[in-house]
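Read the structure below first, then the notes.
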Amino acid sequence: MKDFPRDSIEKQIVADADVIAHFDALPSLFSDAFHVRGLNLEEGTEFVFRKLQRDYQKLSPRSKKLFKNRYDQIMKILFTNRVKKEGI
């Protein structure tokens, strides 16, 4: 996705859909972290936390606005200590 140009509304929609899919597939992100990458609990949690942060930042402004509450809730529920620590 990082090399995917977003120079049209259609391309931005596809890029946004890719990001949004990650928020619907949280178990897959953790599986990737722990089983595929072999990370320990702390490393895997950090990996997923940073991945979701990066993904959210890649959203178009309109999609960010639409998904802000969902993003905030996911971050708060899954990463309570992290959110408090970083003031997110």
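How many residues are loosely packed, with under 12 Cβ neighbours inside 10 Å and either in contact (Cβ under 8 Å) with a residue 24 or more places away in the chain or under 18 Å from Asp72 (Cα atoms) (or both) if we restrict to the range 20-52? Within the range 20-52, residues that are loosely packed, with under 12 Cβ neighbours inside 10 Å and either in contact (Cβ under 8 Å) with a residue 24 or more places away in the chain or under 18 Å from Asp72 (Cα atoms) (or both) number 4.
Residue pairs whose Cβ atoms lie under 8 Å apart, separated by 6 or more positions or on different chains, with the first residue in the range 71-88 and farther than 13 Å from Thr45 by Cα and at pLDDT below 90 and the second assigned to a helix (DSSP H, G or I) and open to solvent by less than 80 Å² (accessible area, probe 1.4 Å), are Ile88/Met75; Ile88/Arg82.
Which of the residues belonging to the range 19-58 are more than 10 Å from the chain's Cα centre (by Cα) and under 20 Å from Ser8 (Cα atoms)? None; the set is empty.
The values are calculated or read from the model by the stated rules, or taken from the named source; none is laboratory data. For clarity, every value in this text was computed on a predicted model and none was experimentally measured. Every residue, glycine as well, gets a Cβ built from its backbone with ideal geometry; the counts of neighbours run over all protein chains shown. Only protein heavy atoms, including side chains, enter the accessible area calculation; ligands, DNA and RNA are left aside. Shrake-Rupley method; radii C 1.70, N 1.55, O 1.52, S 1.80 Å.
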